[in-house]
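Beneath this line is the structure, given in structure tokens, with notes to follow.
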Amino acid sequence: MRILGIDPGSVITGIGIIECKNDSDVTLISCDAVSLNPKSEISGRLKTIYDSCIKVIKKFKPDELAIETAFYGKNIQSTLKLGQARGVVIIAALNMGLTVSEYSPREIKKSVTGNGSASKEQVQFMIKKILKIKVNPEFIDSSDALAVALCHSYALEKPVIIPKIKKRKSTLKNQWNDFILKNPEKIMKL
């Protein structure tokens, strides 16, 4: 399976593509970034991101897209622009027939480094080790995009395990256990 990972941004959008043949055979196909002029109009930057995604999808023919979810930062304008960048990436993928999966920054970091609070440099270090990359990519956003793709490949390997829960008299804990049993689709894969 070929996975396109995207680390969206309105100034730099990281792009990473990996090939997964089985649970231990992951190969780097490509990593790059779309670097945009922050002084340009946002609409033009969004079109460039969309066009670049379409071009990458046509060239590398990935099966699925994995993208980082938006997070709330201190600057609301930056958060809104990030959401717009995510939107054009998702629409590009859907228009090209790809399945889209989203992962939080914490999930991505934890899946690659074992620590959900890892720094970008720690993520890049692990990406280089896992994918046997000898030099740092030009943009750290490319490493982040590869981390998103790897996170998705790991998520595909692990089935959701729902623990067996004994029925007891009604308590808050038992109500929560009942909710889990009735809603397995809401359980996050680790």
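Bear in mind that the values in this text are calculations on the coordinates, not laboratory data. Since we're looking at a predicted model, the values are computed, not measured. Note: ideal-geometry Cβ built from the backbone for every residue, glycine included; neighbour counts use all protein chains shown.
Near residue 9, the amide H atoms lying under 5 Å from its own belong to 14; only residues 5 or more places off or on other chains count, and H is placed 1.01 Å from N. May I ask for the percentage of alpha-carbon pairs in the range 1-54 that lie more than 13 Å from each other? In whole percent, the long-distance tail amounts to 60. What the phi angles of the range 108-122 give under the Karplus curve with 6.51, -1.76 and 1.60, with θ = phi - 60°, is a coupling list of 5, 4, 5, 5, 9, 10, x, 10, x, 10, 4, 7, 4, 5, 5 Hz, glycine and proline written as x. For the range 66-146, the set of trypsin sites (Lys or Arg not before Pro) satisfying both a DSSP loop assignment and a count of at most 16 other C-beta atoms within 10 Å is given as 74, 132, 134. Across the cross-link table entries 109/129; 39/74; 61/132; 47/81; 21/134; 55/109, which are compared at the Cα atoms, the separations over 24 Å belong to 55/109. Amide H to amide H, with H built 1.01 Å from N, residue 133 comes under 5 Å of no residue 5 or more places away or on another chain. The value for the range 31-117 of Rg(Cα) / (2.2 N^0.38 Å) is 1.16.
With a ≥ b ≥ c the root eigenvalues of the C-alpha gyration tensor of the range 63-154, is it rounded (a/c under 1.5), prolate (a/b larger than b/c) or oblate? It is oblate, given that a/c is not under 1.5 and a/b is not larger than b/c. Our analysis of the range 2-158 gives Rg over Rh at 0.94, with the two radii drawn from alpha carbon positions and Rh computed by the Kirkwood formula. Among 144, 178, sorting on how many other beta-carbon atoms sit within 10 Å of each Cβ, with the fewest leading, yields 178, 144. Averaging 1/r over every pair of different alpha carbons in the range 57-100 and inverting the result gives a Kirkwood radius of 11.5 Å.
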